[in-house]
Amino acid sequence: MAIHFAMGGAIFGKFMAESAELIAKYGLPGTEPYRGGLVDWLDKPQALNELLDLLGIRLITASNGGPGQSTEFIDPTKRDETIADHVAFCRDFLKVFGCTHFKINMGARPNGGTSAEDIKAISETVTELGKRTLEMGVTIAPHPHIWGPIERPEEVRALLDQTDPDIVSWIPDTAQLNLGGGDPVALISDYYDRLAAVHWKDSKASYRGYTGPTPSKEMHAEEILYKDLGAGGVDHPAIWKMLVERGYDGWITLDLDPPRPNEGEGTVDDKIGINHRYLVETLVVSNL
């Protein structure tokens, strides 16, 4: 099987040696931390690379954001700063690990929602950034996310339709697409040729086929919206079948939030174990 699984960095918060050791415990060959969780490593990427090498783990990319990096993709007056900050991180950090794509969130959602003009501006910023990273052999990969400027299915389609597939790819997240009112199976299928990688997590079964308004941050604070694989909001078996049948040979990142013990989610170790078992026992993934 050519598909490989990675563990996202959100579940750890701050990425430490113990984080990498836990990933290795479950036989996951990749990791995708957040720049904001890498503050102890930003000035010494080679040390992190050596640690991961010892554990047989590859850093496949790192999400943007965190201190000292502009993530303003709409405001044209901030465009040069945003591009320069991202280019520097790509050059000084991602390239050390041999990353071939750069996963980016696109800042906060505008008050009142995202306009057509906003999407046009994001498209222009992402394209200019993508041209610069491509010079380093790294494809830019925007990541639709609820509460971000690109969350609804029509916004996802507009961004991808307005950007050059030779420059801009994307990283869909199955639960983010679902909670944003989109059909993850259809969107991933329709833009399959643009995939840089895929993120997996689930939502409550009641969200299966959901097309309503995006759940609020307040709802997420009351009860976590992001669930373990198998919860039923997303048809992961169908997505898995599609990816296998179409010959996908890239990465799937388990992008899990930190567990909430008060909601019965246990420890980080417990949560990784639950999702690992889903892959092995339900989807019968053979290379874990």
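Go through the stretch 142-177 and give me each residue that's in contact (Cβ under 8 Å) with a residue 60 or more places away in the chain and of a type in the set (S, T, N, Q). Result: Ser169, Thr174. Contact map, the stretch 178-193: residues that are in contact (Cβ under 8 Å) with a residue 12 or more places away in the chain paired with residues that are of a type in the set (A, V, I, L, M) and in a loop (DSSP other than H, G, I, E, B), Cβ distance under 8 Å, separation 6+ or inter-chain. Pairs shown: Asn178/Val234; Leu179/Ile146; Leu179/Leu225; Gly180/Ile146; Pro184/Val234. Every test in (1) surrounded by fewer than 18 Cβ atoms within 10 Å (Cβ to Cβ); (2) in contact with a Gly (Cβ under 6 Å, 6 or more places away or on another chain) is passed by Ile60 save one, and that test is (1).
From Leu187, Leu195, Leu159, Leu134, which residue is out of contact with any helix residue (DSSP H, G or I) (no Cβ under 9 Å at 6 or more places or on another chain), of a type in the set (A, V, I, L, M, F, W, C) and modelled with pLDDT of 95 or more? Answer to the check: Leu134. Cβ-Cβ distances below 8 Å connect the following pairs, each with a first residue in the stretch 265-276 that is more than 14 Å from Glu21 (Cβ to Cβ), a second residue that is surrounded by 13 or more Cβ atoms within 10 Å (Cβ to Cβ) and among the aromatic types (Phe, Trp, Tyr), and a separation of six or more residues or different chains: Gly273/Tyr26; His276/Tyr26. Would you mind stating whether Tyr248 is hydroxyl-bearing (Ser, Thr, Tyr) and touching a residue at least 40 places away in the same chain (Cβ under 8 Å)? Here the answer is yes, as Tyr248 does meet what is asked. Only residues that are crowded, with 20+ Cβ neighbours inside 10 Å and in contact with a helix residue (DSSP H, G or I) (Cβ under 7 Å, 6 or more places away or on another chain) were counted across the stretch 24-38, and they come to 2. Filtering the stretch 162-174 to residues that are in contact with a helix residue (DSSP H, G or I) (Cβ under 6 Å, 6 or more places away or on another chain), surrounded by 23 or more Cβ atoms within 10 Å (Cβ to Cβ) and hydrophobic (A, V, I, L, M, F, W, C) leaves Val168, Trp170. Do any residues in the stretch 1-23 that are in a helix (DSSP H, G or I) have Cβ atoms under 8 Å from those of residues that are among the charged types (D, E, K, R), where the two are at least six apart or on different chains, and which pairs are they? From the stretch 1-23, the pairs are Leu22/Asp269.
Is at least one residue of the stretch 208-223 over 24 Å from Glu154 (Cα atoms), surrounded by 18 or more Cβ atoms within 10 Å (Cβ to Cβ) and touching a residue at least 12 places away in the same chain (Cβ under 8 Å)? No: the stretch 208-223 contains no residue that is over 24 Å from Glu154 (Cα atoms), surrounded by 18 or more Cβ atoms within 10 Å (Cβ to Cβ) and touching a residue at least 12 places away in the same chain (Cβ under 8 Å). Quick check on my filter: what residues within the stretch 39-56 are touching a residue at least 24 places away in the same chain (Cβ under 8 Å) and either surrounded by fewer than 20 Cβ atoms within 10 Å (Cβ to Cβ) or of a type in the set (Lys, Arg) (or both)? Val39, Asp40, Leu42, Pro45, Gln46, Asn49, Leu51, Leu52, Leu55, Gly56, listed by residue number. Closer than 28 Å to Asp249 by Cβ and in contact (Cβ under 8 Å) with a residue 40 or more places away in the chain - does that describe any residue in the stretch 108-121? Looking for residues that are closer than 28 Å to Asp249 by Cβ and in contact (Cβ under 8 Å) with a residue 40 or more places away in the chain, one finds none in the stretch 108-121, hence no. Out of the residues in the stretch 245-288 meeting the condition of being assigned to a loop (DSSP other than H, G, I, E, B) and of a type in the set (A, V, I, L, M, F, W, C), tell me which one is surrounded by the most Cβ atoms within 10 Å (Cβ to Cβ). Going through the qualifying residues, I end up with Leu256.
The values are calculated or read from the model by the stated rules, or taken from the named source; none is laboratory data. As the structure is a prediction and not an experimental result, all values here were calculated from the model. For neighbour counting, all protein chains shown are included, and Cβ atoms are generated from backbone atoms with ideal geometry for every residue, glycine included.
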